[in-house]
Structures are given as structure tokens and as C-alpha cells.
Amino acid sequence: MGAIDGLWYGLNLAFTAQNLLAAFAGAFAGTAIGVLPGFGPTAGLALLLPFTYAMGPSTGLIMMAAMLYGAMYGGSTTSILMNMPGEAASVITCIDGYKLTKKGRAGAVLFIVAAGSFIGGTISVIGVMLFVPTLAQLAIIFGPAEFFALTAGGLLILSRISAGSFAAGFLPMALGLMFSTIGLEAVTGQNRFTFGVNDLSQGLELAVLAVGVYGIAEVMFVVESLRSQERPLHVKVREMLPTRQELRRSWAPIGRGTVVGFLFGLIPGPSATLATFAAYRLEKSTSKHKDEIGHGAVEGVAAPETANNAAATSLMVPLLGLGIPFSSATALMLGAMMVHNVQPGPLLMTTNPEVFWTVIASMFVGNVMLVVINVPMIGVWVRMLRIPSYILLPTVLLMAAIGSYSLRNSMLDVYLLLVLGIIGYALRKLDFQLAPLVVGAVLGPMIEKHFREGLFMSQGDVSVFWSSPIAIGLWSIVLVVMALSSIAHLRNRILLSAPNEA
Amino acid sequence: MDAVHLQKRKGYLSIGTGGLLLSAGYLGMAFQLPLGDMARPGAGIFPILVGGLMVFASLSTIWEGWRTGTGEQLELPSGQDRSRLLVLVGAMSVYVVGLPWLGQIVASTLFLISLMRVMSDVSWLRVITYSLVISITIYVVFVRLLNVPMPRGIVNF
């Protein structure tokens, strides 16, 4: 199936009443949960994804994509209106976004963010369409050794890049791998680390893990530092539209943000966060209005938010092409796709091309729905933010508990939710990173599978893992990245301690 | 925010030590699994590798903690901030333990009342009213409309 035919097929599937309604509901729910302070897109997505499980594959995929875009947009809204980033990737938006809000340009900024996110996301989807087939063709020649290098090496890179210190990423990664070994072992059917509890035979639910370590932990942080709630400023409809000058100044940053975001999304690590910082730095060095950036300039919001959405989309390239998630959000998407019997990876395009194109179409539809509902509904999100924390946060916690229970009607998941929340809180308090934990929990079974397959095929010869040129190349990249990160971290420590010694 | 400070060094040493203890238990259980041989690795091989990784990670954490200066401090909550946090954890604990017996509506209402009182200065009447409205709304949406079979408990709805 060619690209045009495939896309046309996917769009035909997507544009039915049921699927459009699913896209609307997904974008609405995703934005609502993303707007909530204290939850963030990853935990929000984890909370909402189980609701897609009961739907058909194409409807479920469309709703998921819309939720993802909605959650990311919602996180930006709190940054701009309340100076409270909903996630790490929205931190940089606070700088200029909130200053523009105080100048009375909140509506216009939100409009530009929606437009930029749409443009960045759409162009990024086109990039995904072009890159994934090439990557998939390359990956067909991969064997267990190459996939082991890719999954294990990618996870190591993620753990190193996510955190400043080695231990801050490595220990959570190891913990996530430990979690992944709980349950029924795939090949022999042996129960591992279940302590005789039947429910644990199915392993740890990914949604419970994500909501616990991200959502519950984050709510604990918010409750701990509860301050008198700042009410978001009222946004008038007539102030919604940007001026011609604001639009003119936004185009170039949106273009640059798209490219930066797309490229960053292809690498393992906190791509969206890195993309926003990189896009902001690029604007500060190339923009005609660089002096205004940092003091309330549209460039300081348009570029990072476009990069954020573009990166979130291009993160789908390794997921769809290789079947490997390199972020918490795509890890959740992988889990949800497998529930719908969609196995992303190099064979997806050859064995189920219609499914692949449905996923692509769902990304287009989700992106469109983001703009369609979020621009007119900015007032609704502002009103949501005016709901007091003492009502919102306990309600969200209840929904998290019910959502966890609903996954397999087990109280065990609710107990685990609380325990994981406490673990997530403790790790974050000590500046440990949580993304390697979640991605480790998802990649663990894949890493084990490729490891055992490699040993089986080589009759126990471990040198198989570094005997092919591709595997050697991948491990070399891993070693170089780990070494450079460590050198950079060491250099920063020396620079920070130098003034004290002087 | 009221705060007490904890040396980051102590935090890292504690986490690293905890990790070592966890690894010891994990590896103890992993070695009891069938190991197979190199050509046909059993269910225990990967957990042993992961346990080894965890040992390494824990030792790295202890090493980093050891090398961290005593000047690096972390803020822990104290006073009212700590009380709120403890009430949150306590309320959630009581909710998850009590849910099977009390049922969704009663457990949710009690949970909401305790948290809302701690997080705000609003009157008891308003807190109880909000809690009941939210609990019943959640019940209607999730249990009745979405058919999530939450525990019924003493109310038996």
C-alpha cells in the first residue's frame, strides 16, 4: 500500500461519526486532565487510557492520539495562565507565557500555542510517515542481538540523559526492570516474585505504575506546598485573537520549533523537554526580537510549544518503526496499542499496513481536534482552573483509585497505586528521575525476550551480542553518549565548585 | 512553606542501602528460579542480571552520596505542610483498606471530608455537602454509567 493510498485509507476510517466523537472526547478529556495542576500529561494519559480499551482498535487509537495531544496542550495552559507548568516540557513556556498573560494577551498566546502545536504536530506526522517506512525496512534485517542493543542501549541512554547524576537515572531504571519481572514468565509460564498472590501473576499494570509514581506523587507535592491558590486571570473572548504583528512574529519561531522538535523526538530521552529548551535557546540567538525574549515575547512561547508538540509526535517514529518506546507517554501508548492487538514494530507496515495508516490518520485527526475544541474552549479551561484545589485534588485522587481498580477489578492495584505513589514521592524528593523507571518497566520484557532469543540462537555464545556491525555500532553510540554525559556532568560539578575554592 | 532540611548525602546513602537490601531479597528469590543453561536460559537468568544491575545501581548511589558534600540540602516539609501530607497518606491508606468493607460511597465521602478539612478553612457543612455530592456523582458516573463494579460495602448500592 503506497503512502497516499494508505493515508487515504486511514483517513476514511478516521472520518466516521463514531471516530470523530472519540477524537472529540479524547481531546476534551486529555486537555481537561492536562490542565489540572498536579497531574501532568503522563499520569493523565495513564488515567484515561483504560477507557479506550473497550473500544474497537481504530476508535481506541484515535481517542488515544487525541488524549495525548490534549494532555500536552493542557499542560501548557496552566503554564501560561498561572505560571504553573503541568509538566517538565512546559517549564520554559512559563517565562514568556505568564508575562504575556499579565500584559492581557493570554487569549492571543493560547491561540498561537494551539496554532503552533497544530502546525508542528501536523508537519511532524508527515515526517513520521516518511521516516517510519525507511526505519521499518532497516529494522527487518535486525536480529535479536541488534534489538537487544537497541532496547537495552536505548534504556541506558535514557537513564543517563534524563538525570544529572548517574545514580539518579540508573537506580530507577533498575527498579523499573525489577518491576517488569513480576508475574508470569512468557516462555516457561513460571511465576516470578508473585508471593503467591494470583493477581500478581499478570504483572504490574502499567497504568497503575504511571499514575502512582507520576500522579499520586505529584499530588503529594502539591498538597505539601499548598499555597493560597492564585486564580487565573479572566480571558475575554475579544482578546482571543492575536494581532497581525503577533502572528507575523510567530511564523518563523513555529517553523524553527517544528524542525527542532521533530529531530529531538527521534532520540531516546526526555526529548520533548530538551526540544523546548533547545527551541527557546535557538530563538534567543536567532530571533529579530531576541532582546524581548524572557520579558513577554510571543517567540518565547510559540517556538518551545511547537517544538513540544512536534517532539511528542516524532517520538512515535521509534515506537511505530521499531516497536520501542523511548518515553513514558509512548510506553503507555505501546501498552494501550497491544491491548487493541496492534503490535507496533517493523512488521506492522508489511503485515498490517491498514493498522499503521489508521494510527497515522489518528494522529492527524487528534491534532485537528486539538485546535477545533481548544481554541473556542479556552474559557472552559480557565473556569476549570478556578475550581479550588481542596475540591479538585481529592476528586482526582479518587478517580485515580477507581481507574486503577477498574483495570482488572482488583483491590491489589489500588494498594499498589498508593505504595507506588509514596515511592515516586521519595524518589522525586531526592531528585531521582521517574521516566527510566516507567520505560524500564515497559522495555524489560522486550529486553529479556531478545536476550534469551540471542542466547538460544547462538547456542549460549554471549559474543553474539557484539558480533554484528549494527550491534557494535549501536553499543558504540551508547558508550559515547554515556561517556559524554558523564564528562559534561563532571565538568559542571567542577565549574560549580570552583568559585567556592577561590 | 515550613521546611526542615535533610542532607542529600544522607538521603542517597539511605536509598542506596535500601536498594542493596532490596537486591539481596530479589536475588535470593531469583536464584530459586530455574536457571536453565546458557543455550536455553531459564526464567531466573534475566532476574539475576537485573538484580546485579540493582546492586550496581545501589552501590553507585551510595558512592555518589558519600562524595556529596554535607552542604547540599533537601527540603522536607514540617509543621502544617507535613501534617497535610501525613493526612493525605493516612486518608488514602484508610480509603484503600476500608474500601472493600465500607463500599465506594462511604469510603469516598470519608476520604473527601478528611482531605478537604485539612486543605481548606471552609465550614464542616460545606465540606460534608461537597463530599457527598462528589461521591454520589462519581458513583453514578463510574458505577452506574460505566459499569465499574466497585465494592458495595455496608451501603450495598
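Here are a few things to note about the model shown:
- Backbone HN-Hα couplings from phi across the range B:71-81 [Karplus 6.51/-1.76/1.60, Hz, Gly and Pro as x]: x, 6, 10, 10, 8, 10, x, 9, x, 5, 4
- Here the simple spin-label model places points 7 Å from the Cα toward Cβ, and for B:LEU145 and B:ASP37 these points are separated by 6.2 nm.
- Options A:MET64, A:PRO253, A:LEU171, ranked by Cα towards positive dipole end of the protein assembly as shown, top entry (Cβ charges): A:PRO253
- Approximating the spin labels as points 7 Å out from Cα along Cα→Cβ, the B:GLN80-to-B:TRP124 distance works out to 2.1 nm.
- Residue order by solvent-accessible surface for A:VAL442, B:VAL94 is B:VAL94, A:VAL442, largest first, with ligands and nucleic acids left out and a 1.4 Å probe.
- Distance in nm between pseudo-label sites at A:LEU495 and A:MET411 (7 Å out along the Cβ direction from Cα): 5.4 nm
- The residues A:ARG386, B:ARG82, sorted by heavy-atom accessible surface at 1.4 Å with ligands and nucleic acids left out, run B:ARG82, A:ARG386 from largest to smallest.
- Farthest positive-ward along the protein assembly as shown dipole, Cα basis, beta-carbon charges - from A:LEU13, A:PRO388, A:LEU479: A:PRO388
- The helix-only estimate of mean residue ellipticity at 222 nm for the protein assembly as shown, built from DSSP H runs of length n ≥ 4 each weighted as -39500 (n - 2.57), is -23500 deg cm²/dmol after division by the residue total.
- Anisotropy class of chain A from Cα gyration tensor, a/c 1.5 cut: rounded
- Positions from the range A:423-471 whose accessible area shrinks by 20 Å² or more when the full protein complex is built, not the chain alone, probe 1.4 Å: A:TYR425, A:LYS429, A:LEU430, A:ASP431, A:PHE432, A:GLU448, A:PHE451, A:ARG452, A:LEU455, A:PHE456, A:GLN459, A:GLY460
- Per residue, in Å², the accessible surface of the range A:345-502 once ligands and nucleic acids are set aside, probe 1.4 Å: 42 Å²
- Aspartates and glutamates whose Cα lies under 12 Å from that of A:LYS288, excluding same-chain neighbours fewer than 8 positions away: A:GLU299
- Flagged links, alpha-carbon separation over 30 Å, of A:LYS429/A:LYS449; A:LYS99/B:LYS10; A:LYS102/A:LYS284; A:LYS103/A:LYS290: A:LYS429/A:LYS449; A:LYS99/B:LYS10
- Shape call, the range A:403-502: gyration tensor on alpha carbons, a/c limit 1.5: oblate
- Anisotropy class of the range A:346-451 from Cα gyration tensor, a/c 1.5 cut: oblate
- Förster-model FRET efficiency, 41 Å R0, A:ILE141 and A:VAL197, C-beta, rounded to 0.05: 0.45
- In the complete set of protein chains, residue-level accessible area for A:ASP431 is approximately 80 Å², probe 1.4 angstrom.
- Between 0 and 90°, nearest 10: helix B:8-30 axis offset from chain B longest Cα axis: 80 degrees
- Rolling a 1.4 angstrom probe over chain A with all protein chains present gives an accessible area of which 67% lies on carbon and sulfur atoms.
- Whichever aspartates and glutamates have a C-alpha closer than 16 Å to that of B:LYS8, once near sequence neighbours (fewer than 8 apart) are set aside: A:ASP431, B:GLU64, B:GLU72, B:GLU75
- Normalising the Debye intensity of the range A:1-78 to I(0), with uniform scatterers on Cα atoms only, and taking log10 at q = 0.15, 0.16, 0.21, 0.27 Å⁻¹ returns -0.52, -0.57, -0.83, -1.09.
The values are calculated or read from the model by the stated rules, or taken from the named source; none is laboratory data. Computed from a prediction, not measured in an experiment: that's the story for all the values here. Heads up, the Cβs are rebuilt from the backbone with ideal geometry, glycines too, and the neighbour counts pull from every protein chain shown. Quick note on the areas: whole protein, heavy atoms, side chains included, nothing else; ligands and nucleic acids left out. Shrake-Rupley method; radii C 1.70, N 1.55, O 1.52, S 1.80 Å.
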